[in-house]
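J.: After the C-alpha cells below, expect a handful of questions from me.
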Amino acid sequence: MNNKIIYICSLLCLFILACSNTTDIDSPIYVNDKEEQPTTAAKPNQKEEQPTTAAKPNDKEEQPTAIAKANNVSEESTLVEKIINIEKGSTARYIVREQLARWVSEKDVSGETQLVEGKIIISSEGKLIAKGSRFVVNVKSLKSDESKRDNYIKNNALESNKFPEAIFEINMMEGLNGPLPTSGEVNLTLIGDMTIHGVTKEISWTLLANIENEDIKGIAKTSIEFDTFDIRKPSLPFILTLDDTLRLELDFIARIQN
C-alpha cells in the first residue's frame, strides 16, 4: 500500500516537471523594444547645415558718397579755367638764309603749312596746365617757292614720310602773372620738349599775342640748329651758302574756351 502511494507521487512529480519544461521551451521570449528597434536618426541642426546669408557689403565704404563726387567736380572745375585752341588759318613756317648760284646775294627763304593744331591750357590762377598743352605741325605738307627744295626737305632733311609731325609739348610758361586777361597784349615764354625728325630736345618759344574777349592773334618764334635734331643740311652745287640756323614761327589764330 505504501509502495503504491510512493509510486503515484513519483508519477505526479514527473508529470509536473514535464509540463514546466514544455512551457519554458514554447513560451516566446520578450525583448526590449527600445533596444532592438532602430532609433530614429537625429535631425540635423538646420542652423548649422544651412548656409548663412552673406553679409551685405558696407555701402558707405564701397560706393562713393555724394560729398566725394561733389568734391571731384569742384576740383576739376577749378583746375581748368581757360583753353586756348589753335584755329584754322594758323600758319607754321621755317625760315633759313641761303644763296643760290643764280642769285646776286643771300636772302631768306621759307616753307609753310596750315596743317597746325594745338592748345594751351591755363588755370584760373594763370598757371600752365602742362598735360594736354601742345602744338602739332604736319611737316610733310611744308611748301616753299622751290619744288626742288621741298623735295630735298621731304626726302632727305626732315624725312617727313618717316617723321610726318613736329610736336612741341609745353612744360612751363613764364610771363603771365595772374589770370589770363580779357583784353590787351601778353608776352610769354613757353618751355618744353620739341620733337623733330624723331629727335626730342628742350627748347623755348617766345610768344606775343593780342587778346580781345575770346579771340587771340599772335606769333610764336624760336630757332634751332640743323645738327641739334640730326637734320641733314643740304649740300648741292647750286647752293652757294646756307645758314646753320633754322628759324621757326607759328603765326596763330586762337579762341579761348571757358
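The values are calculated or read from the model by the stated rules, or taken from the named source; none is laboratory data. Just so it is clear, the structure is predicted and the values come from calculations on it, not from any experiment. Don't worry about glycine lacking a Cβ; one is built from the backbone with ideal geometry, like all the others, and counts go over all protein chains shown.
J.: When you scan region 115-198 for strands (runs of 3 or more DSSP E) that lie fully inside it, which ones turn up with 2 or more residues that are more than 21 Å from residue 96 (Cα to Cα) and touching a Leu at 6+ places or on another chain (Cβ under 6 Å)?
T.: 165-174, 183-196
J.: Related question: Would you mind telling me which numbered condition in (1) closer than 26 Å to residue 245 by Cα; (2) aliphatic (A, V, I, L, M); (3) touching a residue at least 24 places away in the same chain (Cβ under 8 Å) residue 128 fails?
T.: (1)
J.: While we're looking at this one, here's another question. Within region 234-245, which residues are part of a loop (DSSP other than H, G, I, E, B) and modelled with pLDDT of 90 or more?
T.: Once the filter is applied, which keeps residues that are part of a loop (DSSP other than H, G, I, E, B) and modelled with pLDDT of 90 or more, region 234-245 yields 243, 244.
J.: Let me ask something additional. Just for region 234-258: of the residues that are among the acidic types (Asp, Glu) and within 33 Å of the chain's Cα centre (by Cα), which one is farthest from residue 190 (Cα to Cα)?
T.: 251
J.: Return the residue satisfying two criteria in turn: it lies in region 107-137 and is modelled with pLDDT of 95 or more and among the acidic types (Asp, Glu), and of such residues it is nearest to residue 81 (Cα to Cα).
T.: Ranking the qualifying residues of region 107-137, first place goes to 117.
J.: Can you pull out every residue in region 168-185 that is surrounded by fewer than 16 Cβ atoms within 10 Å (Cβ to Cβ) and either over 26 Å from residue 84 (Cβ atoms) or not charged (D, E, K, R) (or both)?
T.: 171, 172, 175, 177, 178, 179, 181, 182, 183, 184
J.: Take the residues in region 224-233 that are modelled with pLDDT of 95 or more and surrounded by 14 or more Cβ atoms within 10 Å (Cβ to Cβ), then tell me which one is farthest from the chain's Cα centre (by Cα).
T.: 226
J.: Take the residues in region 98-114 that are in contact with a Leu (Cβ under 9 Å, 6 or more places away or on another chain) and outside any strand (DSSP E or B); name whichever of them is surrounded by the most Cβ atoms within 10 Å (Cβ to Cβ).
T.: Ranking the candidates gives 106 first.
J.: May I ask you to list pairs of residues, at least six apart or on different chains, whose Cβ atoms are under 6 Å apart, with the first in region 178-206 being under 27 Å from residue 159 (Cα atoms) and in contact (Cβ under 8 Å) with a residue 12 or more places away in the chain and the second being assigned to a strand (DSSP E or B) and of a type in the set (Phe, Trp, Tyr)?
T.: 190/205; 192/168; 194/168
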